[in-house]
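Reviewing the structure listed below.
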Amino acid sequence: MKNLYASVNLKNEILEQIFNPNINLSATKWGVFPDFAIENTKTGKILFGEIKRQDGWVEGKNQSAGRGNAHERSCKFFSPGLQKACREAGRIYDTRILPFLVIFTGDITRDPKRVREIAFWYGEFQDNYFMWRPNENGEVLVKHFDEKLRIYLD
């Protein structure tokens, strides 16, 4: 998905209104670069992933400590175009799950406002994000994957 956006065909009236450098679009890297991908090499199915770290409003900090937009940037995966591209590239067509996993780390995982925002945004797709809270080891993350997402790669 490294050249996803360069292949977007725009109408001539739009092209006339934007900067169009004389470059080889097929050689550009205008796309999406997930932080990781989990692939079942037998089925060829891939779950794409992002890791989002952000400060948050927790004990001993002011509410303003929750500023930042890492969690908001995770919402790009909800766009219809990117979801379609991820489903096709990852061969995950089952609509009970999204074709990606976002792992949140840092104080955001305990921030009362941000945790509620994320839970609301993901709605019925609560399995597609994971709050990797401070002092938790990797076993909780592996358990989440094994119990909630692995089945979609079979």
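The values are calculated or read from the model by the stated rules, or taken from the named source; none is laboratory data. Bear in mind that the values here come from a model prediction, so they are computed numbers and not experimental data. When we count neighbours, we look across all protein chains shown, and the Cβ atoms used for this are built from the backbone with ideal geometry, even at glycine. These accessible areas exclude ligands, DNA and RNA; they are computed on the full protein's heavy atoms, side chains included. Shrake-Rupley method; radii C 1.70, N 1.55, O 1.52, S 1.80 Å.
Got a sec? Which of 100, 78 is at pLDDT below 95 and closer than 27 Å to residue 121 by Cα?
On the way: 100 fails: at pLDDT below 95.
Criteria check complete, one pass: 78.
Since residue 59 meets every condition but one in (1) under 24 Å from residue 41 (Cβ atoms); (2) without any contact (Cβ under 8 Å) to a residue 24 or more places away in the chain, which condition does it not meet?
Of everything listed in (1) under 24 Å from residue 41 (Cβ atoms); (2) without any contact (Cβ under 8 Å) to a residue 24 or more places away in the chain, residue 59 misses just condition (1).
Restricting the stretch 128-145 to residues that are open to solvent by less than 70 Å² (accessible area, probe 1.4 Å) and of a type outside the set (A, V, I, L, M), which is nearest to residue 83 (Cα to Cα)? Let's see the steps before the verdict.
If we filter the stretch 128-145 for residues that are open to solvent by less than 70 Å² (accessible area, probe 1.4 Å), which is where we start, we get 128-131, 134, 138, 140-141, 144-145.
When the remaining residues are screened for being of a type outside the set (A, V, I, L, M), the result is 128-130, 134, 138, 144-145.
Numbers: 128: 13, 129: 15, 130: 19, 134: 30, 138: 27, 144: 22, 145: 20 Å.
The selected residue is 128.
Pick from the stretch 27-36 the residues that are among the aromatic types (Phe, Trp, Tyr) and loosely packed, with under 12 Cβ neighbours inside 10 Å: which of them is nearest to residue 83 (Cα to Cα)? Walk me through how you get there before you give the answer.
Taking the stretch 27-36 as the starting set, the residues that turn out to be among the aromatic types (Phe, Trp, Tyr) are 30, 33, 36.
Subsequent filtering for residues that are loosely packed, with under 12 Cβ neighbours inside 10 Å retains 33, 36.
Details: 33: 14, 36: 16 Å.
Among those residues, the one meeting the criterion is 33.
Limited to the stretch 48-92, what total is found for residues that are at negative phi and loosely packed, with under 13 Cβ neighbours inside 10 Å?
So the first thing to find is which residues in the stretch 48-92 are at negative phi, and the list is 48-59, 61-67, 69-90, 92.
Now narrow it down to the ones that are loosely packed, with under 13 Cβ neighbours inside 10 Å: 59, 62-64, 67, 69, 79-81, 84, 88.
Qualifying residue count, the stretch 48-92: 11.
Report every pair of residues separated by at least 6 positions or lying on different chains whose Cβ atoms are under 6 Å apart, first residue within the stretch 107-127 and at negative phi, second among the aromatic types (Phe, Trp, Tyr).
Within 6 Å, the pairs are 111/57; 122/129.
If you check 14, 51, 38, which single one turns out to be over 21 Å from residue 132 (Cβ atoms) and modelled with pLDDT of 95 or more? Quick ask: steps written out before the conclusion?
Working: 51 fails: over 21 Å from residue 132 (Cβ atoms); 38 fails: over 21 Å from residue 132 (Cβ atoms).
After applying the criteria, what remains is 14.
Can you give me the number of residues within the stretch 1-26 that are open to solvent by less than 70 Å² (accessible area, probe 1.4 Å) and either in contact (Cβ under 8 Å) with a residue 24 or more places away in the chain or outside any loop (DSSP other than H, G, I, E, B) (or both)? Full working, then the answer.
Here is the first cut: in the stretch 1-26, the residues open to solvent by less than 70 Å² (accessible area, probe 1.4 Å) are 1, 3-4, 6, 15, 21.
After this cut, where a residue has to be either in contact (Cβ under 8 Å) with a residue 24 or more places away in the chain or outside any loop (DSSP other than H, G, I, E, B) (or both) as well, the list is 1, 3-4, 6, 15.
Residues flagged as open to solvent by less than 70 Å² (accessible area, probe 1.4 Å) and either in contact (Cβ under 8 Å) with a residue 24 or more places away in the chain or outside any loop (DSSP other than H, G, I, E, B) (or both) within the stretch 1-26 amount to 5.
Can you name the condition, by its number, that residue 70 falls short on among (1) free of Cβ contacts under 8 Å to residues at least 24 places away in the same chain; (2) in contact with a Phe, Trp or Tyr (Cβ under 9 Å, 6 or more places away or on another chain)?
The single condition residue 70 does not satisfy is (1).
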